[in-house]
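> My structure is below; once you've seen it, I'll send some questions.
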């Protein structure tokens with residue numbers, strides 16, 4: 001694919017020259033840097049922007065956006081580049097705004113358990129800064145993503161089942177509008193009914209309504225006790241039924257991750273996990289006071305054994321827990337490692353928990369019929385799972401089959417009143433699914449996009465087409 | 001005040017005649033019914049709409065709105081009329097859509113702990129319907145409000161500290177747009193990153209972007225154990241410090257309500273509470289498993305006694321709890337009862353919990369200086385409290401003083417990074433405060449309003465002026 005540009009090279013040159021007076025060596029035109037900013041960690045390939053700029057402040061971002069808006073040149077916000085839905089493709093050309101130099105932690109308020117950070121701060125950096133206050137920021141999508149990017153894609157991850165997603169975590173934003181206004185949304189109060197909730201409109205807007213430059217976040221106290229456990233099952237149905245029952249009993253479990261047999265095999269090989277079986281497995285974590293954790297564990301152990309769980313193993317030391325969650329976080333690379341020269345099409349459906357068995361078992365059945373390798377990892381406590389559909393990148397037939405399988409999984413999820421994306425966003429890749437999922441609402445979404453970004457310069461071609 | 005109408009009487013007549021063919025005796029023009037729909041439970045008085053209609057279905061609401069939009073006649077959604085910010089005033093005339101006949105519980109999904117209801121279902125009706133499933137809907141603003149109205153104003157109440165507000169409770173909506181489209185937002189999945197979050201944009205939009213006709217809600221299991229307690233304090237500072245410390249220790253307390261000495265006196269007299277003191281008091285509730293409740297209570301009792309709490313009383317029977325929470329819910333009427341011929345100006349600020357002492361103690365000081373009677377009730381676990389400023393309704397000087405005091409409380413809350421409204425909404429009464437609180441964001445709010453409701457027919461004159 002190539003960029004479809006609607007602006008002239010002369011205008012682009014004018015804009016870049018004008019920006020060069022402010023940004024000097026912070027504006028980059030080299031192919032390698034542009035290429036690096038034109039792709040995420042997905043299989044959509046690369047469409048490079050015309051330039052990459054590293055601003056330091058809200059005012060600098062406003063300056064870039066104002067100028068680009070005048071000449072109708074697209075801008076694409078860039079965090080750490082870990083998107084998996086083609087968010088970074090410069091479909092209509094334009095300038096990538098790399099926010100990694102906006103990496104200051106502006107304030108931490110331990111007494112109210114909130115903080116304010118610039119958009120380029122990563123979640124690991126934030127947690128490092130928080131550790132002396134006995135607090136942590138829970139949202140954990142696996143990648144060490146930037147908090148601005150996580151807000152933009154409404155990310156979540158392994159412990160959303162207990163602590164919520166970015167939707168619950170973000171209580172305010174600073175955003176630069178396409179007109180170059182610096183807008184502050186939200187307050188530091190725990191709740192507010194003051195006007196339209198722009199914070200929540202911008203969370204998940206994927207850079208299409210403005211550039212997020214600061215994020216106000218809710219934090220949590222580090223739990224008194226953290227215990228992790230692994231339990232393997234004879235079959236996938238047993239593992240999924242364990243999840244459904246745990247959630248229906250409202251056990252406040254902190255993480256509940258499912259790996260199917262193939263994914264376990266991949267992880268055991270890739271992360272050198274010793275003592276685990278290549279069978280359907282749940283990775284679990286319990287947080288809370290000593291008493292609360294004890295209660296939760298007793299309940300979940302009962303449920304596990306009722307549904308054929310065995311080989312219940314504890315990972316109680318920090319090292320054992322880290323080994324476990326590192327293996328979980330490496331699942332994607334482990335999966336790719338199953339087959340040389342392969343790519344993965346990552347699905348991201350989320351269904352009501354009661355429909356989880358139906359959804360996953362149907363997906364497994366379809367996967368089997370396709371003949372493709374399909375490891376599954378999932379934040380199943382939320383009803384969200386990823387089937388990674390592995391295909392040979394030089395085999396068009398396999399690629400076609402992978403796309404058909406992905407489509408079938410999404411359509412089944414929608415029929416079960418679920419969503420095509422639990423946490424990765426729409427980006428470039430899921431626009432057709434969004435049309436299907438929110439057929440009646442797409443008109444309102446387009447009206448909002450047109451009203452806030454009439455020149456369609458903010459990450460165009462993502463979420464909705466105008 | 002009188003309505004400022006921009007449409008002709010001839011057009012209004014045309015619209016009403018056309019609607020009469022569908023709605024027959026469900027369209028009302030009598031002054032008494034119109035008056036009843038032109039006011040809430042506040043001190044803004046009444047501006048009656050021209051007509052009141054009781055639709056049964058989404059399609060009927062769409063029919064009304066489409067026709068009104070064609071003739072640019074305002075529509076004002078009406079739930080149970082318990083708004084306290086002038087939401088129901090027909091400032092520009094128009095038609096009140098009373099949703100009380102849309103009172104069907106569409107589905108309850110116990111396995112996923114969610115449900116879908118028509119907008120006119122009240123929270124008490126819903127809880128009645130849920131009791132056999134062991135579930136409950138926690139958001140409790142005191143009044144038996146409709147769930148559509150609660151979504152529209154982003155209501156909360158006594159147990160938001162534990163269970164969140166309508167923002168967390170609403171996972172999807174059906175809304176009728178000003179163009180008469182029936183739009184469904186959200187899914188039944190626990191999370192989604194699919195497009196702009198219209199659900200969250202509409203929650204708290206106060207009927208200015210569309211008419212909410214159906215609400216999908218998250219439910220909670222009825223806790224194994226519920227224990228309520230009352231603790232009185234020598235002074236307000238001690239009670240507030242108890243709250244701050246409880247929240248900072250992240251105790252998952254279910255309710256934590258503060259009443260100042262004057263409010264306690266009012267409640268003791270009005271609700272005939274026996275055995276309580278007219279001193280600053282916390283009403284608390286603990287929910288959870290037996291073990292969890294025990295842990296929470298031990299912690300909070302310690303904190304209470306550290307800050308001068310005494311006379312710790314348990315209300316463990318259902319009757320005793322009901323007496324307690326009924327008295328709390330009657331606080332407004334109890335306050336009005338303090339003085340004959342009085343009105344109350346209800347404030348609704350919410351501040352970061354760490355700033356709660358500063359905010360309340362300053363408000364008490366200002367209240368003392370004003371010479372007015374000012375009982376205080378508050379959802380203080382959230383940093384939200386209501387000072388009810390009582391004034392003689394025939395005394396202009398007192399009314400002026402009340403408004404000045406209210407303004408001072410809001411300005412102080414904004415200086416402390418809080419909000420002018422924790423749960424009542426902006427409505428007609430707090431538009432100036434919204435301009436101050438979200439100065440940089442008001443332009444975006446107006447753009448959205450103009451884009452979605454270009455004829456400004458949806459509850460005009462509320463939230464933002466165009």
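Bear in mind these aren't lab numbers, they're just calculated from the coordinates by the rules spelled out. If you're wondering where the values come from, they're calculated on a predicted model, not measured in any experiment. Glycine gets a Cβ as well: all are built from the backbone with ideal geometry, and neighbour counts include every protein chain shown.
> Pairing the Cα long axis of helix A:236-248 with the longest principal axis of chain A, what angle in degrees results, from 0 to 90 and rounded to the nearest 10?
It works out to around 80 degrees.
> Using bins 20 angstrom wide from zero, how does P(r) for chain A break down, in % of all Cα pairs?
Binned Cα distances yield the sequence 24, 56, 19, 1.
> Sticking with this structure for a sec: Mind checking Rg over Rh on segment A:102-221, alpha carbons, Kirkwood formula for Rh?
Here the Rg-to-Rh quotient is 0.94.
> Separate question: Order these by the 10 Å Cβ neighbour count, fewest first: B:87, A:333.
Ascending number of Cβ neighbours within 10 Å: A:333, B:87.
> Would you mind classifying segment B:130-186 by shape? Square roots of the alpha carbon gyration tensor eigenvalues, ordered a ≥ b ≥ c; an a/c under 1.5 is rounded, otherwise it is prolate if a/b is larger than b/c and oblate if not.
Judged from the Cα gyration tensor, segment B:130-186 comes out prolate (a/c at least 1.5, a/b above b/c).
> So how tilted is helix A:318-329 from the main axis of chain A? Cα-based, degrees 0 to 90, rounded to 10.
60 degrees
> Continuing with this model, one more query. Sorted from fewest to most neighbouring beta carbons within 10 Å, what does the list B:205, B:232, B:370, B:310 look like?
B:310, B:370, B:232, B:205
> Once you have the Cα-Cα distance between residue A:31 and residue A:133, take 0.36 nm times their residue separation minus that, and quote the gain in nm to one decimal.
Stretched out fully, the residue A:31 to residue A:133 stretch lengthens by 32.4 nm.
> From zero outward in steps of 5 Å, how is the percent of C-alpha pairs of segment B:9-100 spread across the bins?
The percentages, shortest bin first, are 3, 16, 27, 26, 17, 8, 2, 0.
> Going by average Cβ density within 10 Å per residue, which order do the peptides B:153-159, A:354-360 take, highest to lowest?
Going from most to least packed, we get B:153-159, A:354-360.
> Shielding by partners for A:444-453, please: the mean number of other protein chain Cβ atoms within 10 Å of each residue's Cβ.
6
> Determine, from the Cβ-Cβ distance of residue B:407 and residue B:41 and an R0 of 35 Å, the FRET efficiency 1/(1 + (r/R0)^6), rounded to the nearest 0.05.
Efficiency at R0 = 35 Å is approximately 0.95.
> Could you calculate, for segment B:363-404, the ratio of the Cα radius of gyration to the Kirkwood radius, expressed as Rg to Rh?
Radius of gyration relative to Kirkwood radius: 1.04.
> Right, something else. Give me the distance in nm between label points sitting 7 Å out from Cα along the Cα-to-Cβ direction at residue A:144 and residue A:446, one decimal.
For the pair residue A:144/residue A:446, the computed spacing is 4.3 nm.
> Something else about it: With r defined as the distance between the Cβ atoms of residue B:302 and residue B:4 and R0 fixed at 60 Å, what FRET efficiency is calculated, to the nearest 0.05?
Approximately 0.55, to the nearest 0.05.
> Counting partner chain Cβ atoms within 10 Å of every residue's Cβ in B:171-178, what's the average?
The mean count of partner-chain Cβ atoms within 10 Å per residue comes to 1.
> Once label points are set 7 Å from the Cα along Cα→Cβ at both residue B:337 and residue A:111, what is their separation, rounded to one decimal in nm?
3.7 nm
> Next question, about the same structure. Averaged over A:106-116, how many beta carbons belonging to a partner chain fall within 10 Å of each residue's beta carbon?
Across the residues of A:106-116, the mean count of other-chain Cβ atoms within 10 Å is 3.
> State, to one decimal in nm², a quarter of the convex hull surface area for the C-alpha atoms of segment A:76-138, i.e. the direction-averaged projected area.
The directionally averaged projection comes out at 5.1 nm².
> What gaps in nm, shortest first, separate residue A:320 from its twins in the other copies when you place the label 7 Å past Cα toward the beta carbon?
4.4
> Can you give the extra length, in nm with one decimal, that the chain gains between residue B:11 and residue B:103 once fully stretched, where that is 0.36 nm per residue apart less the Cα-Cα distance?
30.0 nm
> Additional query: Residue B:432 label points, 7 Å along Cα→Cβ, one per copy: pairwise distances from this copy to the rest in nm, shortest first?
The projected label point of residue B:432 is separated from its counterparts by 5.6 nm.
> State, to one decimal in nm and shortest first, how far the label point of residue B:21 sits from each corresponding label point in the other identical copies (label point: 7 angstrom along Cα-to-Cβ).
Taking the point 7 Å beyond Cα along Cα→Cβ, the inter-copy spacings are 6.6 nm.
> Note down, for the protein assembly as shown, the three equivalent ellipsoid semi-axes (square root of 5 times each alpha carbon gyration tensor eigenvalue), biggest first, whole angstrom.
Calculated on Cα positions only, the semi-axes equal 44, 35, 28 Å.
> From zero outward in steps of 10 Å, how is the percent of C-alpha pairs of segment B:215-300 spread across the bins?
Result returned by the calculation: 16, 40, 30, 13, 1.
> Moving to a separate point now. Ranked by Cβ crowding within 10 angstrom, fewest neighbours first, how are B:101, B:224 ordered?
Arranged by neighbour count, lowest to highest, B:101, B:224 become B:224, B:101.
> Let me ask something else. Please give the helix A:396-415 orientation as an angle from the longest Cα principal axis of chain A, in degrees from 0 to 90, rounded to the nearest 10.
Tilt relative to chain A: about 80 degrees.
> On average, how much area does the Cα convex hull of segment B:225-415 cover when viewed from any direction, in nm²?
9.9 nm²
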